[in-house]
Amino acid sequence: MQKSNGSGLNEDGSLWTKRALVGGLVLLGAIVSCAGTQIPKDRITDPGEMLFNGQVVTTIDCYRCHNGDGTGTWRGANLAERVPKLSDGAIVKTINEGPGMMPAYKGKIDDQQMAAITTWLRGRFPTKP
């Protein structure tokens, strides 16, 4: 058993260290999970946009990193800069494989959902001539 020095800390400072670590992890979790803004359900008419915004399947939550409109956050790319350069097949591959820090969605999105998201992305960010 360690002795307290009267300040609530153990002599080696471990209580403070544990509290600081837990506080830091809680803060990091809050920052990481709240990057993007979800578009409200009543403002969405497109099925792909509904999926992108986590309104149909909560585990499909592209908006968290790319914002509900696809314009990006500090965590995820602005899709207006990326999608126009990609073929539809490359969009599907990107969603399935999750390049970089993006999570892979293969097996989490069915073909119909993938088609809806790809169609919405293509309509929102058309291929540049």
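The values are calculated or read from the model by the stated rules, or taken from the named source; none is laboratory data. Computed from a prediction, not measured in an experiment: that's the story for all the values here. Methodologically, a virtual Cβ is constructed for each residue, glycine included, from the backbone with ideal geometry; neighbour enumeration extends over all protein chains shown.
To keep it simple, each residue is scored yes or no on (1) at pLDDT below 70; (2) of a type in the set (D, E, K, R); (3) closer than 16 Å to residue 115 by Cα.
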| site | (1), (2), (3) |
| --- | --- |
| 18 | no, yes, no |
| 48 | no, no, yes |
| 65 | no, no, no |
| 75 | no, yes, no |
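Under 7 Å between Cβ atoms, at least 6 apart or on separate chains: pull out the pairs that start in the stretch 97-109 with a residue that is of a type in the set (Lys, Arg) and end on any residue that is exposed (fewer than 13 other Cβ atoms within 10 Å of the Cβ) and in a loop (DSSP other than H, G, I, E, B).
Correct list of pairs: 108/59.
Search the stretch 72-83 for residues that are more than 16 Å from residue 103 (Cα to Cα) and pair each with any residue that is in a loop (DSSP other than H, G, I, E, B) and aromatic (Phe, Trp, Tyr) when their beta-carbon atoms are under 6 Å apart and the residues are at least 6 apart or on different chains.
Sorted first by the residue in the stretch 72-83, then by its partner, the pairs are 80/125; 83/125.
Name the helices (runs of 4 or more DSSP H) wholly inside the stretch 27-126 in which the number of residues that are in contact with a helix residue (DSSP H, G or I) (Cβ under 9 Å, 6 or more places away or on another chain) and aromatic (Phe, Trp, Tyr) is 1 or more.
47-52, 63-66, 111-124
Being in contact with a Phe, Trp or Tyr (Cβ under 7 Å, 6 or more places away or on another chain), aliphatic (A, V, I, L, M) and closer than 16 Å to residue 64 by Cα is the filter here; which residues of the stretch 81-101 pass it? Before the answer, list the steps.
Taking the stretch 81-101 first, the residues in contact with a Phe, Trp or Tyr (Cβ under 7 Å, 6 or more places away or on another chain) are 83-84, 95-96, 98.
Those left that are additionally aliphatic (A, V, I, L, M): 83, 95.
Residue satisfying the conditions is 95 alone.
Of (1) out of contact with any Phe, Trp or Tyr (no Cβ under 7 Å at 6 or more places or on another chain); (2) farther than 14 Å from residue 49 by Cβ; (3) crowded, with 16+ Cβ neighbours inside 10 Å, residue 104 satisfies all except one. Which?
Every listed condition holds for residue 104 apart from (3).
Are any residues in the stretch 111-123 charged (D, E, K, R) and under 19 Å from the mean Cα position of the chain (by Cα), and if so, which ones?
none
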